[in-house]
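Contents: one structure, followed by commentary.
The values are calculated or read from the model by the stated rules, or taken from the named source; none is laboratory data. The structure displayed is predicted, hence computed values, not measured ones. Cβ placement follows ideal geometry from the backbone for every residue including glycine, while neighbour counts extend to all protein chains displayed. Side chains are part of the model used for accessible areas, which takes the heavy atoms of the whole protein and leaves out ligands, DNA and RNA. Shrake-Rupley method; radii C 1.70, N 1.55, O 1.52, S 1.80 Å.
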Amino acid sequence: MNNIIEAKKIIKEYNIGKGNVQQILKGIDLSIQQGEFISVMGASGSGKSTLLHNISGMDKLTSGTIKFSGKMLSNMSEEELSKLRLKNMGFIFQQSNLLKNLNIFDNIILSAYLSKEESRHTINERATRLMEKMNILEIKDKDITQVSGGQLQRASICRALINKPKILFGDEPTGALNSKLTNEVMDILIDINQLGTTIMLVTHDAKVASKTERVLFMSDGLIIGEIKLDKFNNNNLKERENKLISWLSELSF
Ligand SMILES: Nc1ncnc2c1ncn2[C@@H]1O[C@H](COP(=O)(O)OP(=O)(O)O)[C@@H](O)[C@H]1O
Ligand SMILES: [Mg+2]
């Protein structure tokens, strides 16, 4: 089996003053397989965002090891890490972090231009195709203040995908959306996953998690349980949701 992420005994501590440290991740082992669609649930403050920041190399671990496609992140310089992230990882968040002073199209292509690996023509073509697929081509020249929340989140997904990442990380990407828009975004993510991109989502919405293949549950800096759901199809949604909800209600936390 091919693991895209292999995290071993990861610990993250913060100095909280007066020589005291607070341990936020308490020794987590986590492997994510190439092509998997995985989600992480857990109460607010349990360490979900910290886990995502650390396994993606955005943040530095206190101890433990993380391999991305077999490469050890902890041995890399900041520069190597940011290159690796730019080329291989995409990120989406609850609030879109598109830039205010660029139009939507320029926001989407920016990181691809920065990585200087392809011609601008190739990048522009891919951005146009992505926007078409997400049904937002008509907003390409607009400012981020001129579009709806659902359009903005789809633009953020285009931006995250512009460098054809191997893995897409989402931290509560549907957290600010109503249930109709949440479903739309999840349909898009399912498509992206089915085309081969590995996805890891943090969410506290069981409906969202029930559309992924494996759900982890975090409590107080540890993964205290996980459940595998069947491959997604539109006919087994209710069943998956029920299975997940009954599992969640059995976890003691
Ligand atoms: N930079 C930081 N310094 C100190 N404590 C932090 C920092 N970032 C997060 N924490 C703490 O880590 C814990 C877990 O936070 P987080 O990973 O954001 O949880 P979640 O995403 O599950 O809500 C919280 O108690 C939070 O206050
Ligand atoms: Mg969080």
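A few comments on the model shown:
- Which listed residue is crowded, with 18+ Cβ neighbours inside 10 Å, under 15 Å from the mean Cα position of the chain (by Cα), basic (Lys, Arg) and away from ligand 2 (no atom under 16 Å from the Cβ), from Arg154, Arg126: Arg154
- Selection from segment 185-196 of residues that are crowded, with 16+ Cβ neighbours inside 10 Å and without any contact (Cβ under 8 Å) to a residue 60 or more places away in the chain: Val185, Met186, Ile188, Ile192
- Selection over segment 1-59 of residues that are within 9 Å of ligand 1 (Cβ to nearest atom) and within 20 Å of His204 (Cα to Cα) gives a count of 15.
- Selection status of Leu152, touching a residue at least 12 places away in the same chain (Cβ under 8 Å), closer than 28 Å to Ser82 by Cα and in contact with a helix residue (DSSP H, G or I) (Cβ under 8 Å, 6 or more places away or on another chain): yes
- Answer from Thr62, Thr128 - the residue that is over 18 Å from Ala160 (Cβ atoms) and of a type in the set (S, T, N, Q): Thr62
- Complete set of residues in segment 212-253 that are touching a Leu at 6+ places or on another chain (Cβ under 9 Å) and touching a residue at least 60 places away in the same chain (Cβ under 8 Å): Thr212, Glu213, Arg214, Val215, Leu216, Phe217, Met218, Ser219, Gly221, Leu222, Ile223
- Residue list for segment 214-231, filter: closer than 17 Å to Val40 by Cβ and open to solvent by 30 Å² or more (accessible area, probe 1.4 Å): Ser219, Asp220, Leu222, Ile223, Ile224, Glu226, Lys228
- Odd one out for Lys83, checked against (1) away from ligand 1 (no atom under 16 Å from the Cβ); (2) at pLDDT 95 or above; (3) farther than 24 Å from Thr182 by Cβ; (4) under 20 Å from the mean Cα position of the chain (by Cα): (2)
- Lone qualifier among Thr197, Thr212 - being at pLDDT 90 or above and in contact with a Pro (Cβ under 7 Å, 6 or more places away or on another chain): Thr197
- Checking each residue in segment 1-56 for being of a type in the set (D, E, K, R) and farther than 22 Å from Val208 by Cβ picks out Glu6, Lys8, Lys9, Lys12, Glu13, Lys18, Lys26, Asp29.
- If you go through segment 17-54 and pick out every residue that is more than 13 Å from ligand 2 (Cβ to nearest atom) and either of a type in the set (Lys, Arg) or without any contact (Cβ under 8 Å) to a residue 12 or more places away in the chain (or both), you end up with 7.
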